[in-house]
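The values are calculated or read from the model by the stated rules, or taken from the named source; none is laboratory data. Computed from a predicted model, the values in this text were never measured in an experiment. When we count neighbours, we look across all protein chains shown, and the Cβ atoms used for this are built from the backbone with ideal geometry, even at glycine. These area figures cover heavy atoms from the full protein model, side chains too; ligands, DNA and RNA do not enter into them. Shrake-Rupley method; radii C 1.70, N 1.55, O 1.52, S 1.80 Å.
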Amino acid sequence: MAFWDFANPTRFMRLTDRVLPWLIGACAIAFAIGLYKSFFMAPEDYQQGDTVRIMFIHVPAAWLAMMCYSVMTLSSIGTLVWKHPLADVSAKSAAPLGAAFTFISLITGSLWGKPMWGTYWVWDARLTSVLVLFIMYLGLMALWRTMEDPIKAGKAAAVLTLVGALNLPIIKFSVDWWNTLHQPASVMRLDGPTIHPDMLIPLLVMALAFTLLFFTLHLMAMRNEILRRRVRSMRQKAAASARPAAATASTQAAE
Amino acid sequence: MNGWVSALFLRELRLAVRVGGSGVVGVLFFLAVVTVIPFGVGPDLNLLARIGPAILWIGALLATLLGLDRLFQADRDDGALDLILMSGRSMELVVLVKCLAHWMATGLPLVLAAPVFAIFLNLDPVAIGAVTLTLLVGTPALTLIGAIGASLTVTLRRGGLLMAVLVIPLAIPVLIFGVSSADAAIHDPVPFLTPFLILCALSLIAAVIGPFASATALRFASD
Amino acid sequence: MSGGTALVVTGPNGVGKSSLLRTLAGLVSLMEGTLRLEGGETDLTPFEHTHYFGHQDAVKPALSVQENLAFWRDFSAPATPESFAAGTIRPLEALDLLGIGHTARLPAAYLSAGQKRRLSLARLLVTPRPIWLMDEPTSALDTKSEATLLGLMNSHLAHGGMIVTATHTPLALTPMQKLHLDTAPSEPEETA
Amino acid sequence: MDPFDLGPHAGFIVACYIITFSVVAAVIGWVLIDRAQLNAALKELEDQGITRASNKQNAS
């Protein structure tokens, strides 16, 4: 294996050593402010009452679910086009996080839906496409788990990730293309957000907190993945190296 | 006497949980089946609530069959099956233990996932409980019946599809009583217990016939 | 054949050496004739006195080396008739003896073909059984491991064990009988 | 405004926050446990005298 294949991960480990404490601190502060604002500052919605507080989790989690897939898509391009050694590490460690955020957004969404719509789940375009995203994440994780060789698994998963990226625009625009129960976008709009600043600010702080959480966990998971590969290659070396002790075991047999 | 049973059980469980993780993939397949049905029949929640137990049962049946083709084939491919046959242990018991471990690794996750998927299908709490209970009792029967098919097709390179064809007719009684007892719990006038007890009986019968039939088939397979 | 001897089966490819061994192992049913084992434990069949060491290693890559071996030790029923006096050794010692002790905690997927073969061989050492049926035991082994194997086989014979092996490599086993199979063989009847 | 009066749907809101918290905690726990296990495996291998590929030049 060429030297630079390992130089990059090693430099990466050194870099993250320095960045991670700051990231963790920033994440904790953002969550403290965000949770405080969303419980104590944000007013009740005139229609939804206090259930609007679910939105402060639900919306950031849903954004993160999509952003995480975007990160994986970029990483997959990195794997296939530039063959960067860290690209498939990044894609692999992002998948469980994406699955977790998607799960959170699905659960909080259905817990919001029960009092508001009268049912936990409807098969509308937005919900269904997010469910499909969830299945994609789990399928990718299963693919990575099943294939023994990480390089081959990384390439196979990269192809699947890129094909699955078609789902992202469907999720984003499903509320506009099909007339469904789920409310249309109210923050990410070309003509500016349509919700009141008192609600918008906690929402944005929570979104920032979730994003910081994602990057923190992503960097930590990437470090783990690099370690995992190191253990793997060292184990292969360990199996191949016949140690001197083994050489003496000869014909004086099973006594 | 009991040492080897637990050794075999632990080995099977370890193999199922490590690389490959067939249990997780089974649940994923189950989820995919449940997701696909509303696209086919339309998103009408009342309709889905009515056919929900059937969807869950068919999904569980397919997911169980999908995971079964490697039950004996993996051991045959690397020569372990020959050694198991020569081990001096009762082959019927070996099959039973393998099935039990396989059910723990793939069947039980399906049962645990069923209540979650039932929410997608708009089932009410009583129906969710009933379906989960019937699946808990019925999926061991599916595994044990599937083991017969798995041992019959163990010598074939691509026996998975043939196995499904062989096993599905045998699994129909389980499906009938599983779905009908779940339905009985939802629609009040019909008694729940009658079909449920028949389902229990089917599982017990499968626990007797399955190991004997597949042990016989495996002995022939090594010829 | 009596206890403490080896039978080396030789002959050209496709003559039926492997079939003979598989028949002796009880994996293929007899067309005609009978198999008889004298002095064995009566409640066990001949096959349950036998270790079969075939072409396949029966090694699970997902399990560690030690787990692989421990499973076969716990799973296979031991058979120790009176004429057979070999003691057993613990899995780790068996692995050390075969020169793969350092891999004990690694997943078996990392082993090379020869190391897997040796792991499979360790199986014969951890469960005592008087008869070893070995089909091409030296394949995939280097010279050093071949010498180790030969030592193990001779020590097995010295303890009153019995070996039937099909091979192309000359093996210095003592005492040894030879059976040369040629084309159109008649099914030999073994009385052990 | 009393922040602890969450209206008629308090159960749903609390459940949301609890589930979110436990999922995030589970992910953090997984990352930390994974790291501990990998570090233990690395240490064990290094104790056996196996060196990392990147240290090959100075090790051998």
Next on the checklist: Here is a check on your reading of the model: is residue C:73 open to solvent by 60 Å² or more (accessible area, probe 1.4 Å), among the charged types (D, E, K, R) and at pLDDT 80 or above?
Outcome noted: yes
Item to check | Matching option when the condition is over 23 Å from residue A:235 (Cα atoms), open to solvent by 40 Å² or more (accessible area, probe 1.4 Å), without any contact (Cβ under 8 Å) to a residue 12 or more places away in the chain and within 12 Å of chain A (Cβ to nearest Cβ), among C:158, C:147 | outcome: C:147
Item to check | Meets criteria (at pLDDT 70 or above and surrounded by fewer than 21 Cβ atoms within 10 Å (Cβ to Cβ)) for residue C:39 | outcome: no
Item to check | Test for residue A:109: is it modelled with pLDDT of 85 or more, on the phi < 0 side of the Ramachandran plot and within 14 Å of chain B (Cβ to nearest Cβ) | outcome: yes
Checklist outcome for this item: Taking the range B:21-41 and keeping only residues that are open to solvent by less than 20 Å² (accessible area, probe 1.4 Å) and of a type in the set (Gly, Ala, Ser), one is left with B:21, B:23, B:26
Checklist entry - Picking from B:50, B:76, which residue would you name as being within 14 Å of chain C (Cβ to nearest Cβ) and open to solvent by 60 Å² or more (accessible area, probe 1.4 Å)? => result B:76
Next on the checklist: If I filter the range C:52-67 down to residues being assigned to a helix (DSSP H, G or I) and more than 9 Å from chain B (Cβ to nearest Cβ), which single residue comes out as farthest from residue B:76 (Cα to Cα)?
Outcome noted: C:66
Next on the checklist: Consider the range A:204-227. How many of its residues are without any contact (Cβ under 8 Å) to a residue 40 or more places away in the chain and either within 11 Å of chain D (Cβ to nearest Cβ) or touching a helix residue (DSSP H, G or I) at 6+ places or on another chain (Cβ under 7 Å) (or both)?
Outcome noted: 1
Checklist outcome for this item: Counting only residues in the range A:130-149 that are modelled with pLDDT under 85 and either open to solvent by 60 Å² or more (accessible area, probe 1.4 Å) or under 19 Å from the mean Cα position of the chain (by Cα) (or both), the one farthest from the other protein chains (Cβ to nearest Cβ) is identified as A:147
Item to check | Residues located in the range A:228-245, provided they are at pLDDT below 80, within 9 Å of chain C (Cβ to nearest Cβ) and open to solvent by 20 Å² or more (accessible area, probe 1.4 Å) | outcome: A:240, A:241, A:242, A:243, A:245
Checklist entry - Would a scan of the range A:84-93 turn up a residue that is farther than 19 Å from residue A:155 by Cβ and either modelled with pLDDT under 90 or not aromatic (Phe, Trp, Tyr) (or both)? => result no
Checklist entry - Which one of these does residue C:48 not meet: (1) over 25 Å from residue C:143 (Cα atoms); (2) at pLDDT 75 or above; (3) at the interface with another protein chain (Cβ under 9 Å from one of its Cβ atoms)? => result (2)
Item to check | Selected residue [more than 14 Å from every other protein chain (Cβ to nearest Cβ), polar (S, T, N, Q), surrounded by fewer than 22 Cβ atoms within 10 Å (Cβ to Cβ) and assigned to a helix (DSSP H, G or I)] from B:64, B:143, B:132, B:139 | outcome: B:132
Item to check | Check on residue B:9, open to solvent by 10 Å² or more (accessible area, probe 1.4 Å), part of a helix (DSSP H, G or I), within 14 Å of chain C (Cβ to nearest Cβ) and more than 27 Å from residue B:157 (Cβ to Cβ) | outcome: yes
Next on the checklist: I'd like the full set of residues that are open to solvent by less than 20 Å² (accessible area, probe 1.4 Å) and either free of Cβ contacts under 8 Å to residues at least 12 places away in the same chain or not in a helix (DSSP H, G or I) (or both), limited to the range A:94-109.
Outcome noted: A:100
Item to check | Members of the range C:92-142 found to be more than 21 Å from residue C:19 (Cα to Cα), facing chain A (nearest Cβ under 10 Å) and within 10 Å of the chain's Cα centre (by Cα), listed by number | outcome: C:125
Checklist entry - What number goes with the only condition from (1) free of Cβ contacts under 8 Å to residues at least 60 places away in the same chain; (2) open to solvent by less than 30 Å² (accessible area, probe 1.4 Å); (3) more than 14 Å from chain C (Cβ to nearest Cβ); (4) farther than 16 Å from residue B:140 by Cβ that residue B:117 does not pass? => result (1)
Checklist entry - Can you tell which of B:123, B:204 is outside any helix (DSSP H, G or I) and either within 30 Å of residue A:130 (Cα to Cα) or not acidic (Asp, Glu) (or both)? => result B:123
Checklist entry - So residue B:85 fits all but one of (1) facing another protein chain (nearest Cβ under 8 Å); (2) at pLDDT 85 or above; (3) surrounded by fewer than 23 Cβ atoms within 10 Å (Cβ to Cβ); what number is the exception? => result (2)
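To keep it simple, each residue is scored yes or no on (1) in contact with a helix residue (DSSP H, G or I) (Cβ under 7 Å, 6 or more places away or on another chain); (2) within 30 Å of residue B:78 (Cα to Cα); (3) buried (at least 21 other Cβ atoms within 10 Å of the Cβ); (4) of a type in the set (Val, Ile, Thr).
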| residue | (1), (2), (3), (4) |
| --- | --- |
| B:163 | yes, yes, yes, no |
| B:175 | yes, no, no, no |
| B:181 | yes, no, yes, no |
| B:192 | yes, no, no, no |
| B:196 | yes, no, yes, no |
| B:201 | no, no, no, no |
| B:204 | no, no, no, no |
| B:211 | yes, yes, yes, no |
| B:218 | yes, yes, yes, no |
